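Okay, structure first, notes after.
Since every read-out is calculated from the coordinates, none of them should be taken as a lab result. The model shown is predicted, which means the values in this text are computed figures rather than measured ones. No Cβ is skipped: glycine too gets one built from the backbone with ideal geometry, and neighbour counts run over all protein chains shown.
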Amino acid sequence: MRICHVITGLGSGGAEIALCRLLETLQSPNFDHVVVTLGSQGALSERVAGSAVLHHLHIRPGWAGPGDVLRLRRLLRSESADLVHAWMYHAHLLTSLALWGQHVPHLWSVHHSLTDLATDKRMTRVVIRLNAMLSAQPRRVLYASQLSASQHEDYGFCRERTIVIPNGYDTNALRPDPEARARIRRELEVTDDCMLIGMVARVHPTKDHGNFLRAARRFLDGHPRSAFVLVGDGATADNPELGRLIDAMQLQGHVRLLGRRTDISEINAAFDIATLASRGEAFPNAIAEAMACGVPCVATNVGDVPIIVADTGVVVPPRDPVALSEGWNELASLAPRDRRNLGARARHRIVNYYTGSLRTRRYSELYSLLVQEH
């Protein structure tokens, strides 16, 4: 089966990583992949090129026009795919327009929640509205979370097209690792008795780093032997906005800014508590990945977080640094052995319900069904 994936870009976001994992697991002889990115080279372009034929259309963000739709239409026709899978709102729109009047089945993948829609760019909000108007065109609209599906349906997306497939994870690569824990903690210059609390998230208003840092200030007052780690695009010392927040909270020397890293499983292994401070999510990879590494989590009640975490961590309201700090305090008050046991339960939950192999099987079945329906 030949599948053509159309995606807005190939940065290091959750949807892009989900595509990479899918390409790497759904391989020949049963599947053959082509990937078309609307933009230019991205952080994951090289990785994608290792699993699929890759095309870049080099469309400037927000500047797609009729000529770009025609270019995409010609490219899709030349690739002769059995199925076209569009990822993210802008790709949904251009793909549906490019396939107008064609007989190739296609589907959309939504990897976004509408909880914090006001922080999205104006053009993105317009594209989401256009998606809603066109959402009966694809054979399925695929969501990573139940909450995201219900939000989009309420926003006007076609309910009859909805299907939910949660994200999945390689629990062999994401696992507890005592050696990595010791190595990363040496790198971060924290002692064994230091309570290390970390968050993996690009710097963006929705991720609410301010919430994290305000909670850190409050938590540090009662737990002076603590340190905090921020990992992700923009979480660097040369980010002036983040620097001002750290200075305002008087957290100098207590926060480690690691920026983008590729050794996320090793970094997770070093945490005593992993955190999500977001205002809105669909299915946050960062929490599930930390859980797979045996780390208990304190996460805001966004997207499917309560379903993912269940009774293996603490779920708190978003935009509430007091509650976030109290959630950390609840886990920090446990004996180290009890906290490790809670982390083991968290890993067990990911192994039981959110493995990559289960997700791959669900995608394979969906692709086969859509081609058969056609």
Residue by residue through the range 45-59, which ³J(HN,Hα) values in whole Hz follow from phi under the Karplus form 6.51 cos²θ - 1.76 cosθ + 1.60 (θ = phi - 60°), with glycine and proline marked x? 4, 4, 5, 4, 4, x, 10, 7, 5, 10, 10, 10, 8, 6, 7
Could you list the GluC sites (Glu not before Pro) in the range 118-202 that lie in coil according to DSSP, counting only those with at most 11 other Cβ atoms within 10 Å of their Cβ? GLU189
For the range 64-172, treating each Cα as an identical point scatterer without solvent, what Debye log10 I(q)/I(0) comes out at q = 0.19 1/Å? -0.98
For a quick check: with amide H placed at 1.01 Å from N, whose amide H comes under 5 Å from ARG256's, ignoring anything fewer than 5 positions away on the same chain? PHE228, VAL229, LEU230
Coil-residue trypsin sites (Lys or Arg not before Pro) of the range 112-191, DSSP, other Cβ within 10 Å capped at 15: LYS121
Please say if the range 178-353 is rounded, prolate or oblate, where rounded means a/c under 1.5 for a ≥ b ≥ c the square roots of the C-alpha gyration tensor eigenvalues, and otherwise the choice is prolate for a/b larger than b/c and oblate otherwise? rounded
Under a 5 Å amide H to amide H cut-off, with H placed in plane at 1.01 Å, what residues pair with VAL314 once short-range neighbours are removed? CYS297, VAL298, ALA299
Most exposed to least, judged by fewest other Cβ atoms within 10 Å, MET123, MET249 sort to MET123, MET249
Let me know the charge dipole size of the chain about its Cα centre in debye, to the nearest 20, where only the beta-carbon of Lys, Arg (+1) and Asp, Glu (-1) is charged. 540 debye
Provide TYR363, TYR143 in ascending order of the number of other Cβ atoms located within 10 Å of each residue's Cβ, fewest first. TYR363, TYR143
Residue (of VAL126, GLN252, VAL48) at the positive-pole extreme of the chain, dipole from beta-carbon charges: VAL126
Of ALA98, LEU213, SER135, which is farthest towards the positive pole of the chain's charge dipole, taken about the Cα centre with +1 and -1 on the beta-carbons of Lys, Arg and Asp, Glu respectively? ALA98
Dimensions in Å of the chain - Rg and Dmax from alpha carbons: 21.1, 64
Please go through the range 51-101 and write out the chymotrypsin sites (Phe, Trp or Tyr not before Pro) that DSSP classes as loop and that have at most 14 other C-beta atoms within 10 Å. TRP63, TRP100
State to the nearest 20 debye the size of the charge dipole of the range 178-353 about its Cα centre, where the only charges are +1 on K and R beta carbons and -1 on D and E beta carbons. 120 debye
